[in-house]
Every structure is written in structure tokens, then in C-alpha cells.
1. Helix 435-452 versus the longest principal axis of the chain: what angle, 0 to 90°, nearest 10, using Cα atoms?
2. Wrap a convex hull around the Cα atoms of the chain, take a quarter of its surface area, and give that in square nanometres.
3. Over the chain, with every protein chain in place, what whole percent of the accessible area is carbon and sulfur at 1.4 Å, could you tell me?
4. Distance from the Cα centre of the range 286-320 to that of the range 393-427, in angstrom?
5. For a quick check: with amide H placed at 1.01 Å from N, whose amide H comes under 5 Å from Ala22's, ignoring anything fewer than 5 positions away on the same chain?
6. Determine which aspartates and glutamates satisfy two conditions relative to Lys190: a Cα distance under 12 Å, and not lying fewer than 8 residues away in the same chain.
7. Longest exposed-loop-site-free stretch of the chain, with trypsin sites (Lys or Arg not before Pro), DSSP loop and at most 10 other Cβ within 10 Å?
8. Using 21 Å as the Cα-Cα cut-off, could you pick out the over-long pairs in Lys284/Lys384; Lys21/Lys51; Lys134/Lys181?
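The values are calculated or read from the model by the stated rules, or taken from the named source; none is laboratory data. Quantities reported herein were computed from a predicted structural model and do not represent experimental measurements. Every residue, glycine as well, gets a Cβ built from its backbone with ideal geometry; the counts of neighbours run over all protein chains shown. Areas reflect the complete protein model, heavy atoms only, side chains present, ligands, DNA and RNA absent. Shrake-Rupley method; radii C 1.70, N 1.55, O 1.52, S 1.80 Å.
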Amino acid sequence: MAAAEPIIKMAKIEKSFPGVKALQQVDFELAAGEIHGLMGENGAGKSTLIKVLTGVYKADSGQIFLDGRPIRIKSPEHAQKIGISTVYQEVNLCPNLSVAENIFIGREPIKNGRIDWKKIKNEAETVLDKFDLKIDVDRKLSFYSVAVQQMVAIARALIISAKVIILDEPTASLDTDETNKLFEVMRQLKSEGIAIIYITHFLNNVYEITDRITILRNGELIDTCLTESLPRIELISKMIGKDLEQIKEMENYSKNIGENNKVLLKAEGLASKGNIEAFDLELKEGEVLGLAGLLGAGRTEMVELLFGLNKADQGRIIIDGKEVKLNSPKDAVDYKIALCPENRKEAGLIGNLSVRENIILALQVTRGWFRKLSQARQLEIAQKYIDLINIKTPDTEQLVKNLSGGNQQKVVLARWLAINPDLLILDEPTKGIDIGTKADIQKLVLELASGEGMSVVFISSEIEEVTRISQRVVVLCDRAKIAELTGSEINQKEIMYRIAGGEA
Ligand SMILES: Nc1ncnc2c1ncn2[C@@H]1O[C@H](COP(=O)(O)OP(=O)(O)OP(=O)(O)O)[C@@H](O)[C@H]1O
Ligand SMILES: [Mg+2]
């Protein structure tokens, strides 16, 4: 495959941003009918390489060839015209338009001088059928989950593109079934001779679907390998440039922290109709409680009640022995509860503010705007968290929109750590985060719990991650708490078994 004339060739691509060399002399080749994985840590330059290829950014130097001929790609529209489409990391659609409109926006078929709605509807249904996605294409996109929205974005790219499809972390918010469906579609496209560039942080996915893998590190090309002849451990060490000691180190952490500590928060019969069925919960100081379950199992709905994002219509919440009412996030924050949400956009990350401003935001709100943090204090706090969780940015004043996706995620985490909460709720904190940093975040969570006595509620779709750091695991299914596991019950098999509906 590698021997054939590549459909795309990028040669000696350079791209710098103020203070950052995002790409240095990067070569990349893509063959027709191959699925090519692009791997690297957060900020390695993956998205930038794609944006150069699709005309979002102009390279400072270097050349791009399409079917052997040099080409200057002027804009994303131009890229689409010549058959290159992208599905970005963040779903980039119009939530207020219907599903069908989103798939066809900008390219509506015309019949007798009018938009052919019937055709739009039919074709939208046909392409979603490929995913086995039976949804009402007339409904507003915002009605559906992030996962479905992601599928719609992919469907849109499928309809537009003939030659090359780029998927920048499309599976980050998909569950296993949905990912499998996507893979089926990808294989089908591959057999039709379409070339696919696939970016993800999930190693299993990369090994399952790709033919070749290109690894970037700090903006440099490290290697391009055939997937089948690249052992995992080698891939990881190429990505992070060191061995996996830090991950092994984690195994040494005690799992018993918090066992005899006092109870911080108690939920009794808490419920919200249509969102989550009545559940009891007890959280001790210095304890990490994992929430496991499939996408849509009710994990997010559960923590929304604990953060006042949604009002319980039944049950009580008791903090430090006193019943409290959490009617809004402000109430929750007053009780020193923080929630770091799953979706960066919902998280209120403000792209046009600096890393510093974004990090101090929640802290400033809790103090009130009349007690403004001094500039010096702001800088100190921002720098502390940049160092602590290793946010890749040239300085504290960089605008957040200029950070890579994973590093934006870390800024959200920093914002909530900065208020020094008693209870920290993390909803998928490591989604889109590279493997080295993932281990760092897990380690940090354990340190905060055992060292500072912080209670942590940890949601992750990766069961392995939940079992690794939790002292207790609540399993959810179909919007209800179905089990609570401790000690040796906390293992992948047991959790899967419970989710599948098994009894003890
Ligand atoms: N518009 C921009 N302005 C300034 N710096 C930028 C801009 N876009 C990207 N960068 C910087 O370039 C580097 C590469 O970023 P890129 O988004 O390509 O990383 P990535 O490999 O896609 O990471 P992730 O896995 O987190 O998505 C980062 O240091 C990032 O902060
Ligand atoms: Mg990226």
C-alpha cells in the first residue's frame, strides 16, 4: 500500500504561532484506500497538520501534492471542492437547524429554482442509515446527544467528500456500539478507495482500524509505521518520548484512603423525574468515588443534582450533617462543590480570554467581583496550575482558543481546582487527553484525595481508569443506580457484568 502513488503528500511543512513551533519540517503521505492514524500527545501538532491540509491555516513553508501534482489549498471550501473533508474534534454544526439541514447546509440541492427538501430528507436518511442511526432528520440537532451530533457531522463529511476524509477525534464521545458502527462505515469507505486520516487518543481504536500510523511529537515527525509491525509499547514511547514508569508508579497508591474518614455528603432518595431514578449516596472525605456506566446511563444526570445544575424533585442532600438545598451551581460552589463538566463549550471556557483569565474565573466568582484578585495573585495561580497539570501554552496570556483541544480541557480542570473545593466532581476529565497526561491527572486526583482530604467523584467511560483510582464504584444503567462496589469487587469484569444486568 505504501508503495502506491500517494493521493496526498505533504513535504517539509512548517507552521509557527507566536511562541510555538507547531510543525517543523513535517512529511506526511496518505494512500488511496488506507486508514492512516495520526498520533501524538496533546499539542503535538495533529490538528494543525490537518488544518494546513484543509486550508484553515497557511503553512509558513513546505508543499502539498494531490495525486502527484503540487497544489495550494486556499480555504476549507477549496479543500472540500477537491474532495477533502474534515470532521473536527468539537462538533461544529448548527444546533438550531434540523439534522437534515445540517447535513446539507451550504450545498442544498435545487429543483426548479427551489431547495429540494424532499431530496434533502431522503438523502439524509440514507446516509444515516449507513450508521444504523434511525433518527428523525426533521428534528433540531440540539435535541440529540453529542454522540449523535458527532455522527451527523461525519454523515455530512461523507456526503461532501469523494477522496479524503479526516476524522479528528470522532470517537471521543461515542460509546462502543457507535464506534463500531463508525468503523464499519470507515471500512466500507476504504474499500471504495477513499483515504481516511484518523486522529484519536484511544490505542485500541487505532490498532483496530488503521493500516499505518504517523507519530508527531512537539511538532516534529517521529515516524510513520505499518500498524501491524508497531508494538503498542513502542508507539507509546515514540509519542511521549519516555518510558511508562509514571503509569506503573500508580499501582503503588493505596486503595484504602478515606475508609474511616467522616462523611462529607449524603444523598437520600434523590431523584429527578425523567433524568435519574431515586438513589442513595454517601461520600467520605478523601475518597474517590467512581461512577461507571455506558454513555447515557445517568452518570451526568446524577452529578448534576449534586451540583445544583438540575433540581431534585425528591429526596435530600446532607452536607456535614445538615440538610441543604442546591438550587443552582452558585449554591453548590458556596458549599465548596466543584463540577468540571464533560463538554468544554458547556464548561464555559471562553476562547477569547487568556489562560490566566479562564483559570481564575470560578475563583473570582466565589469571591465576588468587588474583591478582585490582584494581577500578581492571578499570575501566580495561573502559573501554579499550568505547571501542576502541565498545560502546554507559551505563557499565561495565551488565548485559550489557541491551545490544542486537550490543553483546553486541562484549563477547565485548573479552573475548578483553583477554588480548592471539598468535593470535586470530574465528568470525563481525561477525554481527549493523551496517555501521559492521563496518568498525571489520575495521580493528581489520588494525591488530592489522600493528601488534602478532598472528596472526588470521578466519571469516566474508560472502566479501566475508574477501577484504577476509585475506592468505591457506583454502577449506573438506564438512568438508575444499580450497584455499589467496594474492595475486590472493583474490577472491569464485575462492572461489565453489572452493567449487562447480572445479579451478584
Ligand atoms: N491558532 C493558534 N494560535 C496559537 N497557537 C496555536 C494555534 N493553534 C494551535 N496552536 C498551538 O500549536 C500546538 C499544536 O496544537 P494542535 O492543536 O495541533 O495539537 P494536537 O496535536 O491536535 O493536540 P490535542 O491532542 O490536544 O488535540 C499547540 O502548542 C497549540 O497551543
Ligand atoms: Mg487536536
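1. The angle comes out at about 10 degrees.
2. Values: hull surface 101.1 nm².
The Cα convex hull of the chain, projected and averaged over all directions, gives 25.3 nm².
3. Numbers: 10820 of 22540 Å².
In the chain, the share of accessible area belonging to carbon and sulfur is 48 percent.
4. About 22 Å separates the Cα centre of the range 286-320 from the one of the range 393-427.
5. Those lying under 5 Å, H to H, from Ala22 are Lys15, Ser16, Phe17.
6. Glu34, Asp211
7. Working: sites that count: Arg72, Lys134, Lys242, Lys273, Arg371.
Between exposed loop sites, the widest span is 372-504.
8. As for pairs spanning more than 21 Å Cα to Cα, those are Lys284/Lys384.
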